[in-house]
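Q: One structure, pasted below without further comment.
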Amino acid sequence: MNTHNETTGKNRELDNLLNPTSGATRWEAPLAFRMMPLTMDDFVGQSHILDEGKLLWRMITADRLSSILLFGPPGSGKTSLARIIANTTKSNFERLNAVTSGVADIKRVISDTENPLLTPGGRTVLFIDEIHRFNKSQQDALLPSVESGRLILIGATTENPFFQVNKALISRSTVFQLYPLTKDDVKEVLRRALADDKRGLGGLDLVIDDESIDLIAELAGGDARVALNALELAVMTTSPGCSGSIEIDTAVVMDSMQKKIARYDRAGEEHYDNISAMIKSMRGSDPDAAVFYFARALRAGEDIHFIARRIAICAAEDVGMANPQVLSIALDAWQAASMIGLPEARIPLAQAVIAVATSPKSNASYLAIDKALRDLESRDTGDVPFHLRNAPIKGMEELGYAKGYEYSHDYPDAISSQTYLPDEIADTVYYTPTDHGYEKKISQWMAFVDKRRKTMRAKMELNLPFISNEKEDENNEIDQDQQKNDDTTSKT
């Protein structure tokens, strides 16, 4: 009972901060906290889930809540939505922060919920901020009560819940994704704060132009809290001018914010999203986009070795034999970056990013190895043919090891009639070169090799000698075919 009273008292203090009634209390809470919306009409943004008729709008306005998980970047409105639910629901409302709470706090809320004297309705809406910080056992403690419906969970997180929250909780909840506020949304939040004389800055003699509001909204990066904090800092640290007004211009805004906020977390989802975008831009031959995402990773403090690894992988997987030199460029850039360090490391890595993005593309090598691995898992691929086996010890040849091996350099163009795959997969093709970049030459050469090998095998079956003049005739044929493409290929 005493614990419940303490909690009630804390909630009352929170309400006092949200709804200040005296000048003394007015400045106890930051502007961003005071301007938290209290009703759905106050909320700005997230129209994809909160427009009239949308699922979350229906759940809140009808007070027919089920467990939900809200995930999105800081300042997008997760805590504000929880506060609106607290103000509108008829159910008991409790709030925990996963940073400072544990299983004991969860059990207290469940115990109070099951007590008909403390919770006559028998249900509690439990808001858990930063729910991704709860470990597995702490999240598991919620399951029975969420399953029974006694607890209506509202979990808020900046991380993707599909990676950070137990699957059992996710299956019992509706997941809503919140996006960064648009620039217009942030400007609307700022204008409301400037006009509100009870919770905002409307009671001050304040002059701020549209350009300054626009700059705050731009630098805030979709985070309403950052925008309001910057506005408050600018106002509170600027002395009134000769006219008696506090004048806020773009210079004051820049001093109060410095740099645009980057929405990037090296340990979170943005880390993977950004590197995915960089790789896909290189694969898609868009050097501008590739350099942008590379710069974004650098600015966020990504490890240059992580970036270099991804560049090297892309060079091998997506460029491959269409421009085999680009893998060397990627590895050289990696080595150079490792040796010189930042900030100069950005230069060779940028060169490698651009080299990969502007090269002809082929994933034929990638497809070849994956097909071979699949065959090894799913087919009878036989054993290594005896004529290809090693015979380092005298007597092994008598068992058939290396017997009948044709040394390629003893034949014209180093092409023999030899077969190399096991009989079980003799006709399987793993590598199919494209006609992109250098791989077009490879395709022509392999066609020549195939033709020569078939000719040699046919003559061997008829016991006919293979004459070197025939080699020159066939070389002339392939030279004529390649002559048309020499200029184009050399440029590539």
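Q: Taking the Cα centre of the stretch 36-177 as origin and charging only Cβ (+1 Lys, Arg; -1 Asp, Glu), how large is the dipole, in debye to the nearest 20?
A: That gives a dipole near 260 debye.
Q: Could you compute the net charge surrounding Ile110? Neighbours are other residues with a C-beta less than 14 Å from the C-beta of Ile110; K and R count +1, D and E count -1.
A: Taking every Cβ under 14 Å from that of Ile110, the sum is -2.
Q: Relative to the longest principal Cα axis of the chain, at what angle does helix 183-195 sit, 0 to 90 degrees, rounded to 10?
A: 10
Q: Please sort 93-104, 391-402, 436-447 by packing, taking for each peptide the average over its residues of neighbouring beta carbons within 10 angstrom, highest first.
A: Put in order of decreasing packing, that is 436-447, 93-104, 391-402.
Q: Based on the mean of other beta carbon atoms within 10 Å per residue, what is the order of 154-165, 364-375, most packed first?
A: 154-165, 364-375
Q: Let me ask you something else. Return one number: the angle in degrees, 0 to 90 and rounded to the nearest 10, between the long axis of the Cα atoms of helix 269-283 and the longest principal axis of the Cα atoms of the chain.
A: Result, in degrees: 40.
Q: List, in the order given, every pair from Lys78/Lys198; Lys403/Lys454; Lys90/Lys136; Lys54/Lys183 whose Cα-Cα distance in the structure shown is over 26 Å.
A: Correct reply: Lys90/Lys136.
Q: Could you tell me which of Gln177, Ile311, Tyr431 has its Cα farthest along the dipole of the chain towards the positive end, charges placed at Cβ (Lys, Arg +1; Asp, Glu -1), taken about the Cα centre?
A: Value: Gln177.
Q: Between Leu367 and His409, what is the label-point separation in nm under the 7 Å Cα-to-beta-carbon projection?
A: 3.4
Q: Right, next: Normalised by the number of residues in the stretch 348-405, what is the relative contact order in percent for Cα pairs under 8 Å and 6+ residues apart?
A: 22
Q: Taking the alpha-carbon centroid of each part, what is the distance from the stretch 24-73 to the stretch 129-153 in angstrom?
A: The stretch 24-73 and the stretch 129-153 have Cα centres spaced 21 Å from each other.
Q: Now a separate question. What's the exposure ranking of Ile106, Ile313, Ile279, going from fewest to most Cβ atoms within 10 Å?
A: Listed from fewest to most nearby Cβ atoms, that is Ile313, Ile279, Ile106.
Q: Using amide H atoms built in the peptide plane, which far-off residues or other-chain residues are under 5 Å from Ile128 H to H?
A: Answer set, sorted by chain and number: Leu96, Ile154, Gly155, Ala156.
Q: Decide, for the stretch 339-429, between rounded, prolate and oblate: order the square roots of the alpha carbon gyration tensor eigenvalues as a ≥ b ≥ c, take rounded if a/c falls under 1.5, and otherwise choose prolate if a/b is larger than b/c, else oblate.
A: Prolate, because a/c is 1.5 or more and a/b exceeds b/c.
Q: So what's the net charge close to Met396: Lys and Arg +1, Asp and Glu -1, counting the other residues with Cβ under 12 Å from its Cβ?
A: Overall, the nearby charge balance is +1.
Q: Enumerate the calculated ³J(HN,Hα) couplings along the stretch 138-148 in order (Karplus 6.51 cos²θ - 1.76 cosθ + 1.60, θ = phi - 60°), each rounded to whole Hz, writing x wherever the residue is Gly or Pro.
A: 5, 5, 5, 5, 7, 4, x, 6, 5, 4, 6
Q: Moving on. Among Phe127, Leu70, Met456, which residue has its Cα positioned farthest towards the positive end of the charge dipole of the chain, with +1 placed on the Cβ of Lys and Arg, -1 on the Cβ of Asp and Glu, and the dipole taken about the Cα centre?
A: Working it through, the farthest residue towards the positive pole turns out to be Phe127.
Q: While we're here: Students often check this: by mean Cβ neighbours within 10 Å, which of 189-196, 342-349 ranks highest, and how do the rest follow?
A: Packing order, densest peptide first, comes out as 189-196, 342-349.
Q: Enumerate the amide H contacts of Glu247 below 5 Å, restricted to partners 5 or more residues apart or on another chain; note that Pro and chain-start residues carry no placed amide H.
A: Val207, Gly241
Q: Which length gain, in nm to one decimal place, applies between Tyr272 and Asp210 when the Cα-Cα distance is subtracted from 0.36 nm times their residue separation?
A: Using 0.36 nm per residue and subtracting the Cα-Cα distance, I get 18.7 nm.
Q: Also, quick follow-up: Could you work out [θ]222 nm for the chain from helices alone, using -39500 (n - 2.57) per DSSP H run of at least four and dividing by all its residues? Round to the nearest 500 deg cm²/dmol.
A: Mean residue ellipticity, 222 nm, calculated: -15000 deg cm²/dmol.
Q: Under a Cβ-only charge scheme (Lys and Arg +1, Asp and Glu -1), can you give me the dipole magnitude of the stretch 38-82 about the Cα centre, in debye to the nearest 20?
A: The dipole magnitude comes to about 200 debye.
Q: Please figure out what share of the DSSP beta bridges in the chain is antiparallel and state it in percent, rounded to the nearest 5.
A: Of all bridge pairs located within the chain, approximately 0 percent are antiparallel.
Q: With charges only on Cβ, +1 for K and R and -1 for D and E, what is the dipole size of the chain about its Cα centre, in debye, rounded to 20?
A: Dipole about the Cα centre, nearest 20: 1500 debye.
Q: Moving to a separate point now. If you take every residue apart from Asp196 with its C-beta less than 11 Å away from the C-beta of Asp196, what net charge results, scoring Lys and Arg +1 and Asp and Glu -1?
A: Spelling it out: positives minus negatives among the neighbours equals +3.
Q: Could you point to the residue in Leu117, Gln325, Thr61 farthest towards the positive end of the chain's charge dipole, with +1 and -1 charges on the Cβ of Lys/Arg and Asp/Glu respectively?
A: Going by the charge dipole, the pick is Leu117.
Q: Quote the relative contact order of the chain in percent (integer), defining contacts as alpha-carbon pairs under 8 Å separated by 6+ residues.
A: 10
Q: Still on this structure: Below 8 Å between Cα atoms, with a sequence gap of 6+, how large is the relative contact order for the stretch 269-358 in percent?
A: 37
Q: Right, here's the next one. Quickly work out the Ala251-to-Asp427 label distance, labels modelled 7 Å from Cα along the C-beta direction, and quote it in nm with one decimal.
A: With each label point 7 Å from Cα toward Cβ, the separation is 8.2 nm.
Q: Another question, if that's okay. Specify the angular offset, from 0 to 90 degrees and rounded to the nearest 10, of the alpha carbon long axis of helix 364-378 from the longest principal axis of the alpha carbons in the chain.
A: In the chain, helix 364-378 runs at an angle near 90 degrees to the longest axis.
Q: Now, a different point. Testing the spin-label approximation: label points 7 Å from Cα along Cα→Cβ at Asp197 and Lys107. State their distance in nm.
A: Placing both labels 7 Å along Cα→Cβ, they lie 5.3 nm apart.
No lab work stands behind these numbers, since they all come straight from the coordinates. This is a predicted model, so every value here is computed, not measured. We place every Cβ from the backbone using ideal geometry, glycine too, and count neighbours over all the protein chains shown.
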